[in-house]
1. In the range 115-132, what residues are surrounded by fewer than 17 Cβ atoms within 10 Å (Cβ to Cβ) and closer than 14 Å to Val76 by Cα?
2. Tell me, which residue of the range 94-113 that is more than 19 Å from Pro137 (Cβ to Cβ) and aliphatic (A, V, I, L, M) is surrounded by the most Cβ atoms within 10 Å (Cβ to Cβ)?
3. Does the range 160-179 include one or more residues that are outside any helix (DSSP H, G or I) and at pLDDT below 95?
4. Kindly provide the set of residues from the range 31-55 that are in contact with a Lys or Arg (Cβ under 9 Å, 6 or more places away or on another chain) and at pLDDT below 95, ordered by number.
5. Do any strands (runs of 3 or more DSSP E) lying entirely in the range 1-64 carry at least 1 residues that are polar (S, T, N, Q), and which ones are they?
6. Any idea how many residues of the range 25-57 are touching a helix residue (DSSP H, G or I) at 6+ places or on another chain (Cβ under 6 Å) and under 17 Å from Val80 (Cβ atoms)?
Amino acid sequence: MLLSLGRLAREKDIDVLLGLVGGLGSASTTLLVVGDGPDRPRLEELARRAGPAGRVVFAGSVPRREAVRYYRLSDVFVSVSRSESQGLTYSEALACGLPVVCRRDPSLDGVVTDGVNGWQLDHPADFRAALDHLADPAVHDRVSTGAAGWAVENASAADFGRRLLAIYESTGARERRGASTGPRDLARVGGRRSPALVRGRCGRP
């Protein structure tokens, strides 16, 4: 099962995702859409017209603390949004060991690595290719392990602590030189979402 989780708004390009899923031509593939927003009625109508009932399931909005249930229920996290800069859902999915298939975006460089913890898409045909790869249980297991590994290295409390310590040390050096700490320094800590938001979603560190 494929999972899309987030606000249902036009900038999320969920209609594009519906088209990609419909283009698979597989009634056995289900897209679970978790979230709500102003674009939901239009998306539901598009899904109804596109294919058999049950291929796309709209679960509605859920409390953040319950999102982990949907990550655990799914096989692949999918997104073709153009409006993500520090998308928390990517980190949450990876922390749950869920491979991520998404539109290629510079903001995801170093987050989603092709064949390691998911795939970034350059062309519509890449969507089917990525899912074909992940249909192999051995590949899915390897990429799932890579997803969880990325979270441990990049979205854990230990990683956050290392980056925060580096900022403190840098700040001390700046103060000794008479310089001040600026927004760019703070962005080094906030550039990825705090692990407190990711940690515990799937019981991972």
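1. Scanning the range 115-132 gives Gly115, Val116, Arg128, Ala129, Asp132.
2. Here the residue is Leu94.
3. yes
4. Result: Ala47, single match.
5. Fully inside the range 1-64 and qualifying: 2-5.
6. Here the count works out to 8.
The values are calculated or read from the model by the stated rules, or taken from the named source; none is laboratory data. Small disclaimer: the values here were computed from a predicted structure and weren't measured. Don't worry about glycine lacking a Cβ; one is built from the backbone with ideal geometry, like all the others, and counts go over all protein chains shown.
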